[in-house]
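The next block holds one structure in the form of structure tokens; read it before the comments.
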Amino acid sequence: MARDGSDDPASRRGRGELESEVLGALWAAGGPLTPGEVQRRISGDPAYSTVVTALSRLFEKGTLTRVRSGRAYAYAPVADEPGLAARRMRQLLDAEADRHIVLARFVSDLSDDDEQALLRLLGEHPRAD
Amino acid sequence: MYFAVHLPLLLPLAAVPALRALAPHLAPHRAAWMLAGAAVLLAAISTLALLVLVAMGVSEVPLLAVLGHYTPGGLPGVPGTAPLTACAAVAALAVGLSRTVRRAALHSRGLSDALSYGRGLADDRELVVLPDRSPLAYALPGRPGRIVVSSGMLHALDPAERRALLAHERAHLAGHHHVLLIAAELAAAANPLLHRLLPVLSYAVERSADEAAAAEVGDRTKAAHAVARAALAAHAGGGPHPAALHAGTGPVPQRVAALLAPPPARMPNTHTSRAVAVVVAGLLALGIGACVESVVDLHSAVETAQAAYGESD
């Protein structure tokens, strides 16, 4: 049924979105992962074949490298932003606070009170898993 | 009815508190659009009102009367503007416009930096990972928009939280939230009385993206954890930040609490919030009406004066 990432029954996630999550999982792992390991590190139970397709596509684009690991390949992200691009991105992020309005940040800075409030909220609502 | 020209100038004093009171009662994306739209509208009509005041003052200058073909000594029916008022209007207009132009230049530099960074990337992938241990996550506007996340942030989150983070940033890009923020910020540069709308708008924009993230992972608690853990990781990872030293509870715990509460669609549409909505709409309509009236009045006064000048010739 789920032959393609754009038709994943576990979610309405598109191809690009799944590729982002695959890439995110590989970066988070910090070492090469087989498709099965990647599948377990992606939320929403994507089909194995969907994950394999996303990995192959990212490998063809040069975003990932792969090494043989038994019968399967293990994939790892290519550190593709060394040097100039990453430096320019850092400069962009470090530019005066005013300019950050262009770049919506995921989380703003916390005060010490905020930190205590967050820890209390997390304690009151532990994750289900 | 020349007092009408002062109304758009004072309107933010009533409209800003009303908008701030109304925003929490709306779905976050509606609140964001309302706040940005109202900020731009209020800035536009107060700027127009200043222009009318300046024109009223200028109309009393004898030389202009000669050049404009009307009787010197002011326009008929237009009350003499105190020189002080006219000067204050000129000063307010000049300061507002120069501030707006400077902020616009800054934002367009920021946007063009973002665009050129995006163009410098090899392909059109959505997620760009910075090999950096400090936890960072940004939505970078462009064609296509990119989500820039540090490897440190990806390490700090579990699979569902990573998915929530990506969905959150994607919602910023899809909703063009940077456009709303820039528009409102420019409005506040033109009229400083609108400044207090900015934190409310930025909160509404974040809440809107948080709701998109919760819908994507299908679990509000997981989305709440994503926001909380990302903020805690960034707090622990980054050095002390001057902006972090303020007292009281900031936007992040409020966002987490909102995600742990029932979804906003299920919030009751109270009488109070409907009443506040009517007040906001009424104030904005009043402002537009006052502005239109003073422009129309000034225009017809100039025409009358020119006609009288023509007859006296």
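Accessible surface for B:His299 stands near 110 Å², nearest 10, in the context of the full protein assembly shown (1.4 Å probe).
In plain terms, the chain from B:Ala307 to B:Arg30 could stretch by 94.8 nm, reckoned as 0.36 nm per residue minus the Cα-Cα distance. Expressed as a fraction of 2.2 N^0.38 Å, the rule-of-thumb size for a compact globular protein of N residues, what is the C-alpha radius of gyration of the range B:82-152? Relative to the 2.2 N^0.38 Å estimate, the range B:82-152 comes out at 1.81.
Applied to the range B:139-147, the Karplus parametrisation 6.51 cos²θ - 1.76 cosθ + 1.60 on θ = phi - 60° returns per-residue 3J(HN,Hα) values of 9, 10, x, x, 10, x, x, 10, 10 Hz, with x for Gly and Pro. Rolling a 1.4 angstrom probe over the protein heavy atoms with all chains in place gives the range B:2-312 an accessible area of 44 Å² per residue.
Residues of the range A:23-46 whose accessible area, computed with a 1.4 Å probe over protein heavy atoms, drops by at least 50 Å² once all protein chains are present relative to their chain alone are A:Trp27, A:Ala28, A:Ser43.
Between B:Arg143 and B:Val278, the distance separating the two model label sites (each 7 Å from Cα on the Cα→Cβ line) works out to 4.6 nm.
Counting only DSSP beta bridges with both residues in chain B, what percent are antiparallel, rounded to the nearest 5? Around 50 percent of the beta bridges assigned by DSSP in chain B are antiparallel ones.
For B:His271 and A:Gln116, a Förster radius of 45 Å and the Cβ-Cβ distance give a FRET efficiency of 0.80, rounded to the nearest 0.05. Label-to-label distance for B:Val292 and A:Arg40 is 6.7 nm, based on points extended 7 Å past Cα in the beta-carbon direction.
So what is the 222 nm mean residue ellipticity for chain B from helices alone, if each DSSP H run of at least 4 adds -39500 (n - 2.57) and you divide by all residues, rounding to the nearest 500 deg cm²/dmol?
-24000 deg cm²/dmol
Using the 1.4 Å probe convention, the accessible area of the range A:5-77 works out to 46 Å² per residue with neighbouring protein chains retained. For chain B, give the percent of accessible area contributed by carbon and sulfur heavy atoms, probe 1.4 Å, rounded to a whole number. Percent of accessible area from carbon and sulfur atoms in chain B: 68. Diagonalising the gyration tensor over the Cα atoms of chain B and scaling each eigenvalue by 5 before taking the square root yields semi-axes of 49, 23, 16 Å, largest first. Chain A against chain B buries an accessible area of about 5800 Å², both chains summed, 1.4 Å probe radius.
B:Val295 contributes an accessible area of around 60 Å² to the protein surface, as traced by a 1.4 Å probe with all chains present.
The values are calculated or read from the model by the stated rules, or taken from the named source; none is laboratory data. If you're wondering where the values come from, they're calculated on a predicted model, not measured in any experiment. Ideal geometry is used to build each Cβ from the backbone, glycine not excepted, and the neighbour counts take in all protein chains shown. The protein model used for the area step is the full one, side chains on, heavy atoms only, and it has no ligands, DNA or RNA in it. Shrake-Rupley method; radii C 1.70, N 1.55, O 1.52, S 1.80 Å.
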